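In what follows, a structure is listed as structure tokens, so that the remarks can point back to it.
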Amino acid sequence: EKLQKHKEVSTKATFSYEYFVPKTTQGVQNLYDRMDRMYESSLPQFIDITWNAGGGVLSQLSTDLVATAQSVLGLETCMHLTCTNMPVSEIDDALQKAYDSGCQNILALRGDPPVDSNEWTPVEGGFRYAKDLVKYIKAKYGDHFDIGVAGYPEGHPEDDTDDSKLIDYLKQKVDAGASFLITQMFYDADIFIAWCKKVRAAGIEIPIIPGIMPITTYAAFLRRAQWCDIHLPQEFLDRLEPIKDDDQQVRDTGTDLLVEMCQKILDSGYVTHLHLYTMNLEKAPLMILDRLGLLSQEEHVNGENSLAMLPWRKS
Ligand code: FAD
């Protein structure tokens, strides 16, 4: 009976949460409380902390948050790190701080352009592409860090080259040493599945972790999709538009839509793990996981979910 139970648990999808860095001290404290609560109530496999493109004080906050989440709260933490406005000396400081805190996971990114600019330019002597950062981390830290990279099922907004070129860029990041990839948000399961097929056909075998953005308000749903230049399936619009002024109904129907989408991508066999963009909110991500049946109380009592291996860790 115990063996059967283990089998069920291990075939269940696992999940993780992304948090961004709040701008105020009170916001940071609230976030620690929320991370802790969400960990207790749902046992994510890991959490990750975004990097504020731009360097300086906000970037310092990212490393502080990572260190506290990893070494004080005891959460398996992944630190995003970008090349925007980051001389190599600052990259070194951030990596060293992550290393010192016991963090073993880095999501290596090129980064968005800084808020005051539309165009991305490297700093003098700094890195041009995410693959350069992956190579650097690998050369400096060997296998200490598991390195993840970003994937774009609907292409990258800056780049209108064809799909195969973009998948080739992704392959270059993997060849440089990445061992997992997290995708940009999407709402069209068919596009995602078709992309996974191409990724696998290109010989990329690392775990594909889909980024799932909960729907909290209609305005945010439209704004984020526009920002990331992703396709909105007609069904999402048909079901959300008539209730757009009632946030609670939007959240409820949005959850149903995302549960259907997640079920479909899990059934496709390409993914076994869901990464939720929490936007530092508790309710919406937990509603999705609950309706997917991934928050079974029994497992939480035994803590078995937390013992499941990270999708990219080999031993
Ligand atoms: P790259 O893979 O280096 O690509 C950058 C651009 O160069 C793309 O247009 C790509 O098509 C092109 N390119 C890549 N390789 C080559 C090549 N060999 N030759 C020519 N062109 C090439 N941003 C933040 O600032 N902070 C975050 O914390 C953050 N977290 C993210 C998390 C996820 C899961 C995702 C998907 C994105 C995140 N971003 C974050 C946004 C990301 O930084 C931007 O999308 C950025 O514009 C691209 O980063 P990248 O790592 O994908 O870059």
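Could you give me the ³J(HN,Hα) list for the range 208-221, computed from phi with Karplus coefficients 6.51, -1.76, 1.60 and θ = phi - 60°, whole Hz, x at Gly and Pro?
9, 10, x, x, 10, 9, x, 9, 10, 9, 5, 4, 5, 4
Have a look at Y136, P157, Q172 and report the one farthest towards the positive end of the charge dipole of the range 131-175, computed about the Cα centre with Cβ charges (Lys/Arg +1, Asp/Glu -1).
Y136
Please report, for the Cα atoms of the range 73-137, the Rg to one decimal and the Dmax as a whole number; what are they, in angstrom?
Using the Cα atoms of the range 73-137, the pair Rg, Dmax is 12.5, 38 Å.
Please list 3J(HN,Hα) in residue order for the range 246-258, calculated via the Karplus relation 6.51 cos²θ - 1.76 cosθ + 1.60 where θ = phi - 60°; whole Hz, with x for glycine and proline.
Rounded to whole hertz, the list is 10, 4, 5, 5, 4, 5, 5, 5, x, 5, 4, 4, 6.
List, in the order given, every pair from K97/K165; K97/K131; K138/K165 whose Cα-Cα distance in the structure shown is over 28 Å.
Beyond 28 Å: K97/K165.
Which whole-number percent is the relative contact order of the range 145-211 (Cα, under 8 Å, 6+ apart)?
RCO, the range 145-211: 44 percent.
Mind checking the log10 I(q)/I(0) for the chain at q = 0.15 Å⁻¹? Debye, one equal scatterer per Cα, no solvent, two decimals.
Cα-only, vacuum Debye calculation for the chain: -1.36.
What is the Cα centroid distance between the range 209-237 and the range 29-89, reported in whole angstrom?
Using only Cα atoms, the two centres lie 24 Å from each other.
Compute a Gaussian network model of the chain, connecting alpha carbons closer than 10 Å, and tell me which residue from P210, P44, P233 fluctuates the most.
Most flexible of the set in this elastic network: P233.
Give me the aspartates and glutamates in straight-line cross-link reach of K283: C-alpha distance below 17 Å, same-chain residues under 8 apart excluded.
Output for K283: E18, D33, D36, E40, D246, D247, D252, D256.
Can you sort E154, E205 by how many other beta carbons sit within 10 Å, fewest first?
Numbers: E154 20, E205 9.
So the ranking, lowest neighbour count to highest, is E205, E154.
Can you run the Rg to Rh ratio on the range 180-282? Use alpha carbon positions and the Kirkwood inverse-distance Rh.
Details: Rg = 14.0 Å, Rh = 14.3 Å.
Radius of gyration relative to Kirkwood radius: 0.98.
Evaluated at 4 °C with a viscosity of 1.567 mPa s, what Stokes-Einstein diffusion coefficient in µm²/s does the range 78-201 have when Rh comes from the Kirkwood expression over alpha-carbon pairs? If you can, show how the numbers build up before the last one.
Details: Rh = 15.3 Å.
This corresponds to a translational diffusion coefficient of 85 µm²/s.
What is the sum of charges around K135, taking Lys and Arg as +1, Asp and Glu as -1, for the other residues whose C-beta is under 12 Å from the C-beta of K135?
+3
What aspartates and glutamates sit close enough to K140 to cross-link, taking a C-alpha to C-alpha distance under 13 Å and skipping anything fewer than 8 places away on the same chain?
Partners found: D92, D93, D132.
Throughout, read-outs are computed from the coordinates displayed, never taken from laboratory work. Please read these numbers as outputs of a predicted model, since none were measured by experiment. Neighbour counts are summed over all protein chains in view; Cβ atoms, including those assigned to glycine, are modelled from backbone coordinates with ideal geometry.
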